[in-house]
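Down below is the structure, laid out as C-alpha cells.
Values quoted throughout were computed directly from the atomic coordinates according to the rules given, and no laboratory measurement underlies them. Remember, predicted model here, so these are calculated numbers, not experimental data. Every residue, glycine among them, receives a Cβ derived from its backbone with ideal geometry; neighbour counts consider all protein chains shown.
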C-alpha cells in the first residue's frame, strides 16, 4: 500500500518529469513514506531528490522559548532551499501529519509572525506555486498524535494503522490500480466543470439552517476547475491527494452576508470550531468563535488580503470522505467532506488566461491576493446553493447538501 501511495504521489500528484528535481517537506515521523517517494522519483528519472525534515515537538519548544521577534527572520538556508529550487522548476511534495493540537496554548502571534515572514522571504517559491509555474502536491501520512486525535479509543499502534487504512481508502490506494483510478476520477469532474463554466454565473447564494446566508459575486471571466490542473508548461497534475472538490475564485469585492462553519478547523496545530464570519462588500467585518477565537483572529488579521475570500469550493455532502464517518481534524481531508471557502489568496487558473497574467493583473480583475490561504468547511446536509446567471435566471447547483445536476 505504501509503495502504491508513493507511486501515486510521484506519477499523478506532481507528475514528475525526467531530469526534474523533487523537493519533499515532511515530518521526521514520515521517513518511511519519504524514502519510498524518493525511490520512485529516481526510478522515473528524477535529477535529484531533496528532503527537508521537520519535528513538531522541536517546533513547539521554539515557540515556547523564543521571543516573537525571533520569528521575524527566516534563515538563509531555508530561503535558498525554497526559492532556488522553485527557480529550477522543481516539483514540491508536502506531507501533512501534524497533531491537531500540537500547538495548543502557544502564543498565536508567534506562529503567525513566522508564517508571514516565511511567505515574504520565500515569495518566489510561493509565487511559483500560486501562478502555476511549479507543480506541487500535498498528501497525508499519520503521526501518533494525529492518529490518537482521530481514533482516541485505540492504542497508538491501532490508531496509526486505522488512519493509514483510511488514507489508503480515500486516496484509492486500496484499489488494484490507483493510477488508473485517478485517471477515472479526473474524468468524473469534467461534466460538472463544463456546465458551470458555460452558465455565465453572476453570483452564488448559500443558505442553510445553521444560519449561513451568503451571496458571493463571480468574476465575468471566471473558470471552475476540479480534480487536478495544468501548470504553465502544459503538464497535468493533482495538487491535493485526496480531492473531491470543484472550485473557483470569486470576485473579492462582492461577498455579502454571514457564513457558519460546519466542521472544526485545524490551523497550525490549533483547533477553531463553531465560528461564523460576516462579510460586507467582500471584506470580513465581524467574526465569532466558541473555540479558538484568537486563532481565528490571527488568520483574518494576517494581512489585508486575508480579510477577503480567495476560493469557493463545491463538495457534495454525500462525498466518499464524508461517508466514511471520520472527522480527520486535517483540512486536506476534511475539506473534501464538505463545501468550503477560503480566506486569502485566489487562483490564477480560475480566470480565463489567468496563468498568463501577473499577480497585479489578476488582482485588478477581482482575484484576491494574500500571504495566506486558509480553507474552512461550511457544507451541511441542508445546504442550498443557487446561481444567479447573467440572464437574471436562477440555476440551482446544490439542494440538500448535494449537486442537483
Span from the segment 53-72 Cα centroid across to the segment 384-400 one, whole angstrom
47
Compare the peptides 211-217, 355-361, 197-203, 129-135 by average per-residue count of other Cβ atoms within 10 angstrom and give them in order, highest first.
129-135, 211-217, 197-203, 355-361
To the nearest 0.05, how large is the calculated FRET efficiency for residue 290 and residue 3 if R₀ is 30 Å and r is the Cβ-Cβ distance?
0.10
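Taking 0.36 nm per residue of sequence separation and subtracting the Cα-Cα distance, how much length would be gained by fully extending the chain between residue 396 and residue 174, in nm to one decimal?
Numbers: separation 222, 0.36 × 222 = 79.92 nm, distance 3.50 nm.
Here the segment from residue 396 to residue 174 would lengthen by 76.4 nm.
Given axes a ≥ b ≥ c from the Cα gyration tensor, I'd like to know whether segment 332-394 is rounded (a/c under 1.5), prolate (a/b larger than b/c) or oblate. Working shown, then result.
Working: a/c = 2.68, a/b = 1.25, b/c = 2.14.
Taking the square roots of the gyration eigenvalues as a ≥ b ≥ c, segment 332-394 is oblate.
In the chain, what % of DSSP beta bridges are antiparallel (nearest 5)?
Working: 52 of 69 bridges.
Counting only bridges with both partners in the chain, antiparallel ones make up about 75 percent.
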For segment 2-170, compute the orientation-averaged projected area of the C-alpha convex hull (one quarter of its surface), in nm².
10.2
proj_area_mean for segment 257-320 (convex hull on C-alpha atoms), units nm², value 5.1
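Just want to confirm a number: the relative contact order over the chain, from Cα pairs under 8 angstrom separated by 6+ residues, in percent.
Values: 900 pairs, mean separation 61.8, N = 405.
Reported as a whole number, the value is 15 percent.
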As a test of the formula, what do you get for the chain when each DSSP H run with n ≥ 4 contributes -39,500 (n - 2.57) and the sum is divided by the residue count, at 222 nm and rounded to the nearest 500 deg cm²/dmol?
-9500 deg cm²/dmol
Relative contact order for segment 240-306, counting Cα pairs under 8 Å that sit 6 or more residues apart, in percent:
25
For an R0 of 56 angstrom, estimate the FRET efficiency from the Cβ-Cβ distance between residue 381 and residue 18 and round to the nearest 0.05.
0.75
Taking 31, 308, 317, 287 and counting other beta carbon atoms within 10 angstrom, the fewest-first order is 31, 287, 317, 308
If you average the alpha carbon positions of segment 237-315 and of segment 114-133, how far apart do those two centres end up, in angstrom?
20
Among 225, 166, 147, which one shows the biggest mean-square fluctuation in a GNM of the chain, springs joining Cα atoms closer than 10 Å?
166
Read-out semi-axes √(5λ) of the Cα gyration tensor in Å, derived from the coordinates shown; its label in (i) 51, 30, 22; (ii) 30, 25, 23; (iii) 48, 23, 18:
(ii)
If you stretched the chain out fully between residue 88 and residue 281, how much longer would it get, using 0.36 nm times the residue separation minus the C-alpha to C-alpha distance?
65.5 nm
How much length is gained on full extension from residue 324 to residue 197, taking 0.36 nm per residue of separation minus their Cα-Cα distance?
42.7 nm
With the chain treated as a Gaussian network of Cα nodes joined by springs under 10 Å, which of 227, 145, 310 yields the largest mean-square fluctuation?
145
In Å and on Cα atoms, what radius of gyration and Dmax does segment 249-405 show?
15.7, 46
Output the relative contact order of segment 2-170, whole-number percent, from Cα pairs under 8 angstrom with separation of 6+ residues.
25
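Using the 10 angstrom Cβ neighbour count as an exposure proxy, how do 82, 192 rank, fewest first? Walk me through the numbers before you get to the answer.
Details: 82 25, 192 16.
So the ranking, lowest neighbour count to highest, is 192, 82.
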In a Gaussian network model over the chain where Cα atoms closer than 10 Å are linked, find which of 97, 27, 188 has the largest mean-square fluctuation.
188
For segment 147-249, just say rounded, prolate or oblate: build the C-alpha gyration tensor, square-root its eigenvalues into a ≥ b ≥ c, call rounded for a/c under 1.5, and beyond that prolate if a/b exceeds b/c, oblate if not.
oblate
